[in-house]
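Below is one structure; the comments refer to it alone.
The values are calculated or read from the model by the stated rules, or taken from the named source; none is laboratory data. All values reported here derive from a predicted model rather than from experimental measurement. Cβ: placed from backbone, ideal geometry, glycine included. Neighbour counts: every protein chain shown. All accessible areas refer to the heavy atoms of the entire protein, side chains included, with ligands and DNA or RNA removed. Shrake-Rupley method; radii C 1.70, N 1.55, O 1.52, S 1.80 Å.
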Amino acid sequence: MDKLIDPLARQLTARLKDAGFRSEQIVADKVLRTCYGYDATRQSSDPLLALLPENELQVQTILRLATEKNLKIFPRGAGSGMSGGAIPSADGIILSLTRMRRILEIDEDNMIATVEPGVVTGDLQEEVGKFGLFYPPDPASLAFSTIGGNVTENAGGPRAVKYGVTGNFVMGLEAYLINGEKITCGNKCIKSVSGYDLTSLLVGSEGTLAVITKILLKLLPAPETAKTSLLAFSSMTAAAHAVNAMFKYQINPSTIEFLDHHSINAVRSELPFALPEAADTVLLVEIDGPEAQVKNQSKKLNELFKNDALLLIDAKDESEREQLWLARRKLSPAIANIAPHKINEDIAVPLAAIPEVISNLEELSREINLPIVCFGHAGDGNIHVNVMLDKNDPDQAERGRKGIDKIFAITLEAGGTLSGEHGIGNTKSAYFDKEWDPVTIATMRAVKKAFDPDNRLNPGKIFPL
Amino acid sequence: MTMTPFEIEEELKKCVKCGACMAVCPIYRQTGREDMVARGKLNLIELIKGSKELPAGWLEAVDYCLLCCSCEENCSKGVKITEIIAAARVQQTEIMGLNPIKKGVFALLKNRIISISRFVKLGSFGQWLLWQRLPRHSGLVRRLPLPGIDEKTVIPALPKRNLDDLLRKQRAAAGLQPILFFPGCATRYLHPQMGLDLIFVLEKLGFNAIVPPEFKCCGMVTWGAGDESTSAKLKQANLKVLHENAGIKQLVTGCASCGHALKDYDGRPQNCEILDISEFLFQHREKLEDLLGKRKLRQKITYHDPCHLRKGQGVSKEPRWLLNLIAGENFIEMRHPERCCGAGGTFGITHKELSRKILKEKTLAADATGAGIVASGCPGCILQLTEGAVVAESDWQAEHPITLLANLLHQTEPEER
Ligand SMILES: Cc1cc2nc3c(=O)[nH]c(=O)nc-3n(C[C@H](O)[C@H](O)[C@H](O)COP(=O)(O)OP(=O)(O)OC[C@H]3O[C@@H](n4cnc5c(N)ncnc54)[C@H](O)[C@@H]3O)c2cc1C
Ligand code: SF4
Ligand code: SF4
């Protein structure tokens, strides 16, 4: 039996059971704990054990015990992170928040939802939908990622163009410091300027500052209707001008996704409609809001681009809408056919820099002799850059690694940032000092130290160890 | 049917650990435990592949699976998750043998099938001592305290005559086209009336249902339990029947799990199309519409997708077409009709508490529609749903769509007003 559980883990288990934890909340078995060692980055490193608290007092109990034993804590939501934020170390405890998943309140009068961190984003959207309300942030992982993970990664999705990212909806938080003490940030007030804005500080903190146990989220009235259109252009520059023109002419799409020509070629044969040969960039545009307004804006869109676009399709109903979105949905599986592996980065650049960055990436692709596929959010400058390669070929792997260095250089040169939505985690921490100067980083480290003086909360993330 | 170690290894490599399976796994949704979701199970199976020692935690994780295929339907990498889990269970039985209860039941399935029928008949004779009828549902609950069975556990009422007995007396009308009907164990021994309903509908459409008594259990339950040798024997026996009847172009079944199993048989006759009854009816939609005329169900009705129909066979449109046909606007969708009811072969028996939690979400969704009938094309789901209705004291009954259709066809058509 002893073979299966680490002595320290056994000791902790006994203490927690005394404190009222049930067996199914403790994963100490050496075999089972491996299921808490990875995330969507496919790194893997087993924790000492994983604990699944069911309320904030249990979170506090765990943090106090860890402090007493001088152990590290690694908060974890669904483990769907793309930058290794939830990866533990062997002397650390995984604090899995998936059993704290109650929607505590839907306050219709103030249009605010109060939730525990383990609530799955899609479940919350469904629940508030029953009240005619709307929680807009829509990371592609919304059906399984948690609100807690969304807040700490400041996750965003296609709708960010109009509505913003997760952080734009967080009104307030409750969180526990590494020593088990509780802090409260924000409130239900729309205007609130009393003291430092700790809410915003914890948003995007990647689990390095505090363990979030309660979240207040702003809600909106659900839009009456939405309309999707697909536009094809002869160049990325033409598409970028089109995006700019939309904003100028007060068309306010909720979503503007783009596919570059590699992406188009990858999915072309799977689409139920014909794309012109000359199409170099495709935009998927969604307009939502009151019926009349959507109609009006959609008309404007058609008038504006009837000459410039090589193709313009409006979806007439739900099934046509689904067909247009197929172009985007088929993309991930389709590009997997280009090469066995991909390295993907989620850089973001100022809107006007998109064409230049894409063209520099094309050049880079020729230089390293590996296909680079780009798609993403044209309305907010967030580009998913995928270097396609076979990692088992040492030469390709080396070229890929060089490619990543160059991608970040191109991005920062254009005034962009290393990550638009996935965070720094441990996969990009080595590049962190390329983006920020030493004094800025020192200031950030000082903030970290104020919250977590012994560096026991999610160490090794954002800042290199 | 079972994958080779090499195939398993290749299949395991496809998982990119994205976590998308967490969105749909009924067990994970209840427990929040990552060792119980597909991503975790695949990780564990990979971890100890080929090992002769199976740690307790591994066994538990592999056991905690409904084989509902929800994860598979949702996996963008197309990992054959349920096949990997079933293969892991084979590895388990090879090393540790079969759990004694399952062993006893499966021995019945494997050996002369007559023993099941005798077993059921004996049960039918004695069951009234311990079990009592439910007022509204088909099924029984206990009379006296019984170990491991609470007062809401529903078991099927065992009929005195099984489908084979009943069919012996029937003679088909002349001029009908032959079609194979695979009733499956539940229909054959527990709900023979449903089999008769299906045969009646086929007849109305001009088909003569051939039900070879040599058909055995489809093997789904034994496959799911890791009893490879029994599954293989059952499959061989059924394949033999299929080849003997190779002149018949189609086979229908009213059981989602049987359909899922049969469609996956390798080596079955190429010219025999295997269809769920809803798919078959859809092929004959014009005729059926004519036959039904103005007859419509007057009651509100909703639908639960059997996992092995929707996710196992990709059939979800046809049953809805059928319910629209028989109930029109009285057919109302429940929230998440695709979510598993928690039955999962023997899972509902071996993991009652968890199964009930999964079931509760389903009954709540059904309650919310205000329907008087919950239709589902799978005897396993029907039994589980019935238990759900008893536990929640809900006002609806679970029925197979074919029963509803047959009942309508028996009614006289309403006069034009
Ligand atoms: C297929 C797929 C698609 C994706 N699409 C998108 C997308 O469109 N947009 C996007 O932004 N991201 C996307 N992601 C990335 C990922 O889903 C998001 O980063 C998500 O917010 C992570 O949530 P999680 O619950 O999985 O958190 P985890 O991965 O478990 O954790 C992420 C970080 O948050 C910390 N954390 C989690 N909960 C808490 C808490 N309560 N308190 C303190 N710290 C906590 C962890 O320590 C870790 O650092 C995608 C991922 C996948 C696999
Ligand atoms: S959805 Fe498929 S690929 Fe993703 S983690 Fe689950 S099994 Fe693996
Ligand atoms: S088959 Fe069903 S129960 Fe089993 S892992 Fe997949 S989703 Fe979960």
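Using helices alone, what [θ] at 222 nm do you get for chain B, with -39,500 (n - 2.57) per DSSP H run of 4 or more residues, divided over all residues and rounded to the nearest 500? Walk me through the numbers on the way to the answer.
Values: 21 runs with 211 residues, N = 417.
The per-residue figure over chain B is -15000 deg cm²/dmol.
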Checklist entry - How large is the helix-only mean residue ellipticity at 222 nm for chain A, computed as the sum of -39500 (n - 2.57) over DSSP H runs with n ≥ 4, divided by its residue count, in deg cm²/dmol to the nearest 500? => result -10000 deg cm²/dmol
Checklist entry - Near residue A:372, within a Cβ-to-Cβ distance under 12 Å, what is the net charge of the other residues, with Lys and Arg +1 and Asp and Glu -1? => result -1
Checklist entry - Amide H to amide H, which residues 5 or more places from residue A:310 or on other chains are under 5 Å from it, using H placed in the peptide plane? => result A:232, A:233, A:234
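Report the extension gain between residue A:277 and residue A:409 in nm, rounded to one decimal, defined as 0.36 nm multiplied by the number of residues separating them, less their alpha carbon distance. Don't jump to the answer; show the numbers that get you there.
Details: separation 132, 0.36 × 132 = 47.52 nm, distance 3.25 nm.
Stretched fully, the residue A:277-residue A:409 segment lengthens by 44.3 nm.
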Next on the checklist: Once you place label points 7 Å from the Cα toward the Cβ at residue A:323 and residue A:168, how far apart are they in nm?
Outcome noted: 3.1 nm
Checklist outcome for this item: Total charge of the residues flanking residue B:67 in space, meaning their Cβ is under 13 Å from its Cβ, with Lys and Arg +1 and Asp and Glu -1, is -1
Next on the checklist: Give me the extension gain from residue A:366 to residue A:183: residue separation times 0.36 nm, minus the current Cα-Cα distance, reported in nm with one decimal.
Outcome noted: 60.7 nm
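Which net charge results when you count Lys and Arg as +1 and Asp and Glu as -1 among the other residues whose beta-carbon is under 11 Å from that of residue B:300? Provide the component values of the computation, followed by the final result.
Working: positive: B:298; negative: B:329, B:395.
After counting each charged neighbour, the total is -1.
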Checklist entry - Using 7 Å Cα-to-Cβ label points, what is the residue A:439/residue A:44 separation (nm, one decimal)? => result 4.6 nm
Item to check | Accessible area buried between chains A and B, both sides summed, probe 1.4 Å, in Å² to nearest 100 | outcome: 2400 Å²
Checklist entry - Once the Cα gyration tensor of segment A:2-96 is diagonalised, what are the square roots of 5 times its eigenvalues, in whole Å and ordered largest first, as equivalent ellipsoid semi-axes? => result 21, 15, 12
Checklist entry - Using a simple spin-label model with points 7 Å from Cα along the Cα→Cβ vector, what separation in nm is obtained for residue A:107 and residue A:390? => result 5.9 nm
Checklist entry - Taking a label point 7 Å from the Cα of residue A:69 along the Cα→Cβ vector, which residues of segment A:36-56 have an amide N closer than 14 Å to it? => result A:47-52
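Would you mind getting me the FRET efficiency between residue B:151 and residue B:350? Use the beta-carbon distance for r and R0 = 22 Å, nearest 0.05.
Working: r = 20 Å, r/R0 = 0.89.
In this case the efficiency is close to 0.65.
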Checklist outcome for this item: Result for chain A: accessible area per residue, probe 1.4 angstrom, in square angstrom, of 42 Å²
Next on the checklist: Can you tell me, using C-alpha contacts under 8 Å and at least 6 residues apart, the relative contact order of segment B:5-96 as a whole percent?
Outcome noted: 34 percent
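So if R0 is 60 Å, what FRET efficiency would residue B:296 and residue A:226 give, r being the distance between their Cβ atoms, rounded to the nearest 0.05?
The pair residue B:296/residue A:226 has a calculated efficiency of 0.95.
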Checklist outcome for this item: Across A:33-43, the residue-averaged tally of Cβ atoms belonging to other chains within 10 Å stands at 5
Checklist entry - Rounded to the nearest 0.05, what FRET efficiency is calculated for residue A:140 and residue B:14 with R0 set to 22 Å and r the Cβ-Cβ distance? => result 0.70
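Going through segment A:100-147, which GluC sites (Glu not before Pro) have at most 13 other Cβ atoms within 10 Å and a DSSP loop state?
Working: sites: A:105, A:108, A:126, A:127; in loops: A:108.
Listed in order of number, the matching sites are A:108.
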